[in-house]
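So the structure is just underneath, and the comments pick up after that.
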Amino acid sequence: MKEIRVQTAIIGAGSAGLKAYEEAKKHGVSAVIIDPDFKLPAIFRSGYLPLDILRAIIEEQSSSVLQDDTPITMYGMDHSIRLKFSTILQDLRERRRNCSEKYMKNFSAIAEQDKIYGHASFEDQKHLLVPDTGIRITAETFVIATGSRPYIPSCIQPAGSRAITCEDLFELQALPKSIAILGAGSTALELGQILTRLGVKTVIFGQRHLWHFTDIKISEIAEKCIGKSVVMFMNSEITEISSDDNGVTIYYLDQFGKEGYIRTDYILAAAGRIPSFSKLHTENAGISPDIFGAIPADPNTRQTKVPHIFAAGSVAAQNTPLERSLKDGAMAGRNAARYPGELRKSPWLPLTISFTTPNFAIVGKKEEELRRRHDAEPYIIGEASFQESHWAEIHLETAGMIHLYFSLRTQKLLGAELALPMGATIAQFLAFSIALEKTLPELLGFSFYKPSPLEIVQLAVKNASTRFRELETDRKIQLPGKQQSFYEAEPQNGYQRF
Ligand SMILES: Cc1cc2nc3c(=O)[nH]c(=O)nc-3n(C[C@H](O)[C@H](O)[C@H](O)COP(=O)(O)OP(=O)(O)OC[C@H]3O[C@@H](n4cnc5c(N)ncnc54)[C@H](O)[C@@H]3O)c2cc1C
């Protein structure tokens, strides 16, 4: 057995692992990075990149081929002129290769002697084995960055090779003619809309909750919006699946308990992802997964309960956006290199976006979180629907809504949930405002350029301000700077959501 001794061993060469390696090397320590194949990180194979490329292909072709008023049916878009189906996936793969090459230049190259090919597994808290190569690594610190894999529900197993994941779809020779998508998260919804626009007969079987929304009103509006561009059975249950050489038959109960069946070329599992560390044997290092199956780590330092072991990326948290994987990877690498020196902290402001049409976003605190913490932080909601804005009139877009959550005591913006055209940009603006601890009066005084998609934020801020004034008039609350607190005013009521 070949023995290697280093300061830091990084397990996994995806987005988080590559950043961890880069940071560890910047700190001048010896490091190795272990991965079975050092291929493109997940984000390029099946993540946002292929989805974004497909969206770009649609935009390029839609102006000349598709009519805006082409009806959406359960069987995709009813248009006679079809796009060049046979080449779309080839185009996608070529563009993905070009984009990835450019993107990979953002990462420092890994020195050949620091690369170890294979699956790592913990022998104990200080040693890793890479059985494929016969290497044993002794390290002072470790970074676990082994990513996640798609969750494949057992109910779709009878579909055999007709059950695919996002990654498989992008590797097919040509787009299928029809597809059923299981799930109601970002991948399911984005892909459902994209494939429908590309003329693939698409149907989504969704669970009870749409995306990550916790605000019921926003979720309902979002569901209506999405329902205009893809056929979706929310709250449905698949009862049986059978398959043959030509496709798959899916029997289901819809939300009213009515039975139905549908036949498609494939069924695609997009019902979430689960952290991937099965071959790692973290139990030998004294680390066990949390209830979500992720490796628990301090969100500000990425340190696990075993102080010299750090974890970053989608193995350590659910629904990790790319930016967070990169930031956490860098933090884990930096702290692993510094350990046992003082660890650096780098807080993360939660920001989740889905590039559906309209965009969905959750910024800062979710409504559910605020509801749970009501005793500590009573809050008020500022609401605006998209059709109230000038932007909507100009662009003839009417669907969408935003809820802003403000602290009743400090008037600081705490969070937002929204389903809006240009919602991704609006969410970035809100994230910045939360990071700067902006208050309701400050946002009220801010000059919002018109017409602009951000007008809706101004409308929601005004709505929150009106509600504040009404509450103050009703003497339900005392605003900051006055003598009596909200609790002193109405202690018996406890939590109130205004
Ligand atoms: C379909 C999809 C769409 C997405 N869309 C977006 C989006 O629009 N915006 C956004 O910000 N984020 C998006 N994401 C999230 C983003 O892709 C992830 O945050 C990011 O890729 C996670 O990086 P990672 O390093 O944790 O995992 P990965 O990049 O998967 O890397 C994990 C690495 O670990 C290796 N590995 C596993 N086990 C072992 C072992 N035992 N030993 C050694 N190596 C091992 C694997 O081979 C792999 O190379 C999307 C993800 C998916 C899947």
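Test of understanding: among I226, I204, which residue is assigned to a helix (DSSP H, G or I), open to solvent by less than 20 Å² (accessible area, probe 1.4 Å) and β-branched (V, I, T)?
Working: I204 fails: assigned to a helix (DSSP H, G or I).
One residue alone meets the criteria, I226.
Kindly evaluate F360 against the criterion of being within 14 Å of the ligand (Cβ to nearest atom), within 14 Å of F142 (Cα to Cα) and touching a strand residue (DSSP E or B) at 6+ places or on another chain (Cβ under 6 Å).
Details: within 14 Å of the ligand (Cβ to nearest atom): yes; within 14 Å of F142 (Cα to Cα): no; touching a strand residue (DSSP E or B) at 6+ places or on another chain (Cβ under 6 Å): yes.
No: the conditions fail for F360.
Would you mind finding the one in I110, I194, I137 that is of a type in the set (A, V, I, L, M, F, W, C), part of a loop (DSSP other than H, G, I, E, B) and either within 16 Å of the ligand (Cβ to nearest atom) or on the phi < 0 side of the Ramachandran plot (or both)? Before you say what the answer is, go through the steps one by one.
Working: I194 fails: part of a loop (DSSP other than H, G, I, E, B); I137 fails: part of a loop (DSSP other than H, G, I, E, B).
Just a single option satisfies the conditions, and that option is I110.
Could you list all residues from region 140-158 that are in a helix (DSSP H, G or I) and crowded, with 22+ Cβ neighbours inside 10 Å? Talk me through it step by step, then tell me what you get.
Of all residues in region 140-158, those in a helix (DSSP H, G or I) come to 154-158.
I156, the sole residue that qualifies.
Select from region 113-134 the residues that are in contact with a helix residue (DSSP H, G or I) (Cβ under 6 Å, 6 or more places away or on another chain) and not in a loop (DSSP other than H, G, I, E, B) and write down the one among them that is nearest to E283 (Cα to Cα).
Across region 113-134, the extreme among qualifying residues is F122.
Could you list, in sequence order, all residues of region 452-472 that are open to solvent by less than 10 Å² (accessible area, probe 1.4 Å) and under 21 Å from L396 (Cβ atoms)?
E455, I456, V457 - these are the residues of region 452-472 that are open to solvent by less than 10 Å² (accessible area, probe 1.4 Å) and under 21 Å from L396 (Cβ atoms).
Could you please give the count of residues in region 299-333 that are open to solvent by 50 Å² or more (accessible area, probe 1.4 Å) and away from the ligand (no atom under 15 Å from the Cβ)?
To start, the set of residues in region 299-333 that are open to solvent by 50 Å² or more (accessible area, probe 1.4 Å) comprises 299-300, 305, 307, 318-319, 323, 327.
Still in the running and away from the ligand (no atom under 15 Å from the Cβ): 300, 305, 307.
Qualifying residue count, region 299-333: 3.
Table: residues versus (1) part of a loop (DSSP other than H, G, I, E, B); (2) within 15 Å of the ligand (Cβ to nearest atom); (3) among the acidic types (D, E).
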| site | (1), (2), (3) |
| --- | --- |
| I10 | no, yes, no |
| A13 | yes, yes, no |
| G17 | no, yes, no |
| Y21 | no, yes, no |
| G28 | yes, no, no |
| I33 | no, yes, no |
| D37 | yes, yes, yes |
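Quick one: would you say A285 is crowded, with 16+ Cβ neighbours inside 10 Å, over 17 Å from the mean Cα position of the chain (by Cα) and hydrophobic (A, V, I, L, M, F, W, C)?
On the way: crowded, with 16+ Cβ neighbours inside 10 Å: yes; over 17 Å from the mean Cα position of the chain (by Cα): yes; hydrophobic (A, V, I, L, M, F, W, C): yes.
It is true that A285 is crowded, with 16+ Cβ neighbours inside 10 Å, over 17 Å from the mean Cα position of the chain (by Cα) and hydrophobic (A, V, I, L, M, F, W, C).
Would you please name the residue that is modelled with the lowest pLDDT, looking only at residues in region 270-290 that are among the polar types (S, T, N, Q) and within 11 Å of the ligand (Cβ to nearest atom)?
Residues of region 270-290 among the polar types (S, T, N, Q): 276, 278, 282, 284, 288.
Now narrow it down to the ones that are within 11 Å of the ligand (Cβ to nearest atom): 276, 278, 282.
Values: S276: 93, S278: 80, T282: 96.
That would be S278.
Counting only residues that are at pLDDT 95 or above and within 23 Å of the chain's Cα centre (by Cα), how many does region 171-182 have?
4
Identify, from the list S447, S465, the residue that is of a type in the set (G, A, S), under 18 Å from S389 (Cβ atoms) and at pLDDT below 95. So that I can check it myself, show each step before the final result.
Working: S465 fails: at pLDDT below 95.
None of the other options fit; the residue is S447.
Residues being open to solvent by less than 40 Å² (accessible area, probe 1.4 Å) and within 10 Å of the ligand (Cβ to nearest atom): count how many of those fall in region 117-134. Full working, then the answer.
Of region 117-134, the ones open to solvent by less than 40 Å² (accessible area, probe 1.4 Å) are 118, 120-122, 127-128, 130, 134.
Checking which are within 10 Å of the ligand (Cβ to nearest atom) leaves us with 118, 120-122, 128, 130.
Summing the residues that are open to solvent by less than 40 Å² (accessible area, probe 1.4 Å) and within 10 Å of the ligand (Cβ to nearest atom) in region 117-134 gives 6.
Take E442 and decide whether it is open to solvent by 50 Å² or more (accessible area, probe 1.4 Å) and at pLDDT below 95. Let's see the steps before the verdict.
Values: open to solvent by 50 Å² or more (accessible area, probe 1.4 Å): yes; at pLDDT below 95: no.
Against the criterion (open to solvent by 50 Å² or more (accessible area, probe 1.4 Å) and at pLDDT below 95), E442 does not qualify.
Give the residue, chosen from G227, G247, G260, that is in contact with an Asp or Glu (Cβ under 9 Å, 6 or more places away or on another chain) and either outside the structural domain of E167 (by TED's automatic domain parsing) or free of Cβ contacts under 8 Å to residues at least 12 places away in the same chain (or both).
Numbers: G227 fails: in contact with an Asp or Glu (Cβ under 9 Å, 6 or more places away or on another chain); G247 fails: either outside the structural domain of E167 (by TED's automatic domain parsing) or free of Cβ contacts under 8 Å to residues at least 12 places away in the same chain (or both).
Just a single option satisfies the conditions, and that option is G260.
The values are calculated or read from the model by the stated rules, or taken from the named source; none is laboratory data. Because the structure is a prediction, the values reported are computed rather than measured. Using ideal geometry, Cβ is built from the backbone for each residue, glycine included, and neighbour counts are taken over all protein chains shown. With ligands, DNA and RNA removed, areas are computed over all heavy atoms of the protein, side chains included. Shrake-Rupley method; radii C 1.70, N 1.55, O 1.52, S 1.80 Å.
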